[in-house]
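Throughout, read-outs are computed from the coordinates displayed, never taken from laboratory work. The shown structure was predicted, so the numbers you read here are calculated from the model rather than taken from an experiment. For neighbour counting, all protein chains shown are included, and Cβ atoms are generated from backbone atoms with ideal geometry for every residue, glycine included.
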Amino acid sequence: MCAPEFLDTNVLLYAYDPTDRRKQEIAQDLVRKALAGDIIWSIQVLAEFTATLLHKISIRAHSEDVQVALDALVSVKMIVPDAEMVRRAVEAHARYGLHFYDGMIVAAAERGACTRILSEDLNARQDYFGIAVANPFG
């Protein structure tokens, strides 16, 4: 089995945001791969996804719709943060100048033995602790 890829929150959100159909289709395909076990994410990604769906004006969803989405996504392998991941996120901040929460994404991808982080927010082609970043939209 190949090493999994890690999906960042911004990509997951596009699967539920109809404002850009091209990005939505790409993101929905990635979610299908996550459901099949080829892509993972962390509890942080799920929490950020939920908060954005509940509060962002452009894609605000009803609580019941968010519950349905969460039920659909529960089978995806999720990395649960711990104290060592927090320390690694601080290392990512010091070494790469990342925001702490982006460092948590990198630490979770590393914990999941991922080879790539799929993200529109992190720098494409950047390498963090040996994990490459790829923008699935560009």
So, over other residues within a Cβ distance under 15 Å of residue 131, counting Lys, Arg +1 and Asp, Glu -1, the net charge is -2
At the level of C-alpha centres, the distance separating region 1-40 and region 58-98, in angstrom, is 14
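Between residue 113 and residue 36, how high is the FRET efficiency from 1/(1 + (r/R0)^6) when r is the Cβ-Cβ distance and R₀ = 22 Å? Nearest 0.05.
0.80
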Non-local residues with an amide H under 5 Å from the amide H of residue 122, with H modelled 1.01 Å from N and Pro and chain starts lacking one, are none
If amide H atoms are modeled at 1.01 Å from N in the peptide plane, then the residues at a separation of 5 or more from residue 40, or on another chain, having amide H under 5 Å from its own are 5, 6, 7
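How do 78, 85, 104 line up, fewest other C-beta atoms within 10 Å first? Mind dumping the intermediate values first?
Values: 78 17, 85 20, 104 24.
Placing the least packed residue first, the sequence is 78, 85, 104.
Kirkwood Rh over alpha-carbon pairs of the chain, then Stokes-Einstein at 10 °C and 1.306 mPa s: what D in µm² s⁻¹, rounded to an integer?
On the way: Rh = 15.1 Å.
Rounded to a whole number, D works out at 105 µm²/s.
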CD proxy, 222 nm, the chain: helix-only mean residue ellipticity via -39,500 (n - 2.57) per DSSP H run with n ≥ 4, per residue, nearest 500, stands at -16000 deg cm²/dmol
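Would you mind counting up the charge near residue 4? Only other residues with Cβ under 10 Å from its Cβ, with Lys and Arg at +1 and Asp and Glu at -1.
On the way: positive: 33, 77, 116; negative: 5, 38.
Summing Lys and Arg as +1 and Asp and Glu as -1 gives +1.
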For region 89-138 the trypsin sites (Lys or Arg not before Pro) that pass both the DSSP coil test and the at-most-16 other-Cβ-within-10 Å test are 125
Phi-derived 3J(HN,Hα) across region 93-108 with the Karplus relation (6.51, -1.76, 1.60, θ = phi - 60°), rounded Hz, x for Gly and Pro, is 4, 5, 7, 10, x, 6, 4, 3, 5, 5, x, 5, 4, 4, 4, 5
